[in-house]
Amino acid sequence: MKFFSTILVQTNRNLQKTWPTQFMTLLTVSLSVLIFSFFFLIYTNMIKAGERLGDDLRLTIYLEEEPVMEMQSQLVRRITNFSPVEEIRFTSRQDAYNRLATQLGDNVDVLDDLDPSFLPPSIEVYPKKNLSNLAQIKRFSEYLATLPGAVKVQYGQEWVERFNYFTKLLQIIVILSGSLLILTTAFMVAYTIRLAVVARQAELEILRLLGATNGYIRTPFLIEGFLQGLLGSTLGLLALFFLFRWIQLRFTGPGILQLIEFTFFSPTIIGIIIAASITLCTGGSFSSMRKFMRI
Amino acid sequence: MDTQPANKSIVEIVRATKIYPPDVVALEDISLSITYGEMVFLTGMSGAGKTTLLKLICGIEHPDKGMVEVTGKDLNRIKGAEIPRLRQQIGMAYQDFKLLPDRTVAQNIAMAMEVSYQNIRTIKKRVIELLQKLRLEHKHNAFAGNLSRGEQQRVTIARAVANSPTLILADEPTGNLDSKTTKLVMELFEQCNISGTTIIIATHDESIYRKSENRVLELHSGQMVQPTDRTILTPENMP
């Protein structure tokens, strides 16, 4: 108890003495966490959006002839052997005609002069709803085109590919901003602690002469690093939350944002970001002490 | 404070030599034994090696030859957590004060007790007590940098004494003090000595050891001069 109260008094004294530098570091840590969390939030929401859009995704294989029952089970086996799927649905010429008639509604009379068997039979494949499957959808469609009797495979190629590229781009941005977070927090905190060590060299020298232990000298610096991580990440996440709320309120009208249901981080993710930030800052502080503090 | 047998050595120096680069011999072949509870005066002219000897005793410097043992520990061999533990048992009043100018007098004195994790209330009480003894109570919240040299000297003495150490080393403790304040400081050292603390005072101020019955060791050009008849004063040889 005496140890902690003494260390806390010492930490408080240190912070009072070096508060301008500490404040600047705190802002840098907050900004880094904000930038990283911002892109990470978009990324996680895009993945969720991808999963939702994936619900409507289906690959349609147009066939030359309607497959007999035996052929149908053979096709199902070959499809599922390549990739697990949600559902496989066979559509006969008649079913396709009926569906088109339903879709035309009042204009159904345009089909009057046409042969009911003019539409090709098809197989509708609903892939599993996850992003990795979405990314592999092109390869899957190429495989489906090689099935016996397949004439053409159709799916929303364009948006799937665009979405795929966009999520990949976001992934790169998240990795880059994550690296930025690691570099800035660890280096800035290490640099601040280094400055504090240099500024307090005379004091540390006297403390050593008076018999201060390593724990007494080092623990306040570690606490400073810990506080930088805790407060910096909390401030960054709070700023992101307010930005998130502002965007939600501001863009409530119809638009692209209406298609995507944006959600904030779960408490677990918030905890992980704060813990990572604390680890980085305390680690930076520790490495700086090892380098610049002779005890 | 540990109670130790009176005849046991707290400081044992055997043939210690200290040479500063390139070839300045600060101490040469010094052997010395100081027992627990003793009060010893270390005298000699400026540059005689008094400060170096104190630095060897508190482990700031290490001898190039020979051995220095304090509280039974060979200072050449101790490492890790033993060093701060030993330093907490030694109170050193530095000639150059080593105070933090941007800290108050009270904070400077409290540092010595804070490093050994003493209770905050105990620290406050002890600081006030020492300031009263040294007539510095009105400077409690003054910054050390704003004090006169004499006041700074008293603060460094208060800090050396604060943690009730086993051994007090004082380097020219009265160098900047008038006779009245010198008396106060010496009274404080005597009180500490009576309560069992070993005290080594390096000084060239003859007035503080002239009438003392304690041992006086003299250094000359880094060498120990044989004890004179001043070592033990009797009413007959008193000046």
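The values are calculated or read from the model by the stated rules, or taken from the named source; none is laboratory data. On a predicted model such as this, the values are computed, not experimentally measured, just so you know. Glycine also receives a Cβ, built like all others from the backbone with ideal geometry; neighbour counts cover every protein chain displayed. When the accessible area is computed, the model is the full protein with side chains, heavy atoms only, and any ligands, DNA or RNA have been set aside. Shrake-Rupley method; radii C 1.70, N 1.55, O 1.52, S 1.80 Å.
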* Determine whether the stretch A:203-219 contains at least one residue that is more than 14 Å from chain B (Cβ to nearest Cβ) and either at pLDDT below 90 or in contact with a Cys (Cβ under 8 Å, 6 or more places away or on another chain) (or both). => no
* When residues of the stretch B:122-145 are limited to those that are free of Cβ contacts under 8 Å to residues at least 24 places away in the same chain and more than 11 Å from chain A (Cβ to nearest Cβ), the one most open to solvent (accessible area, probe 1.4 Å) -> B:LYS125
* Would you confirm whether any residue within the stretch B:31-54 is exposed (fewer than 15 other Cβ atoms within 10 Å of the Cβ) and in a strand (DSSP E or B)? => yes
* Asked: Does at least one position in the stretch A:37-48 carry a residue that is at pLDDT below 85 and either of a type in the set (Asp, Glu) or on the phi > 0 side of the Ramachandran plot (or both)?
  -> no
* So which residues in the stretch B:93-117 are assigned to a loop (DSSP other than H, G, I, E, B), at the interface with another protein chain (Cβ under 7 Å from one of its Cβ atoms) and at pLDDT 90 or above, if there are any at all? -> B:LYS98, B:LEU100, B:VAL115
* Would you call A:ALA199 more than 21 Å from the chain's Cα centre (by Cα), assigned by TED's automatic domain parsing to the domain that holds A:LEU41, of a type in the set (A, V, I, L, M, F, W, C) and open to solvent by 10 Å² or more (accessible area, probe 1.4 Å)? -> yes
* **Filter result for the condition that a residue is in contact (Cβ under 8 Å) with a residue 24 or more places away in the chain and out of contact with any Lys or Arg (no Cβ under 9 Å at 6 or more places or on another chain), over B:THR17, B:THR43, B:THR51, B:THR35** => B:THR51
* **Matching strands (runs of 3 or more DSSP E) fully within the stretch A:40-156 where at least 1 residues are under 30 Å from A:SER266 (Cα atoms) and open to solvent by less than 40 Å² (accessible area, probe 1.4 Å)** => A:85-91, A:122-127
* Structure fact -> Across the stretch A:229-253, the tally of residues that are surrounded by fewer than 16 Cβ atoms within 10 Å (Cβ to Cβ) and among the hydroxyl-bearing types (Ser, Thr, Tyr) stands at 1
* To do: Test B:LYS79 against the criterion of being touching a helix residue (DSSP H, G or I) at 6+ places or on another chain (Cβ under 8 Å), within 14 Å of another protein chain (Cβ to nearest Cβ) and open to solvent by 60 Å² or more (accessible area, probe 1.4 Å), and give yes or no.
  => no
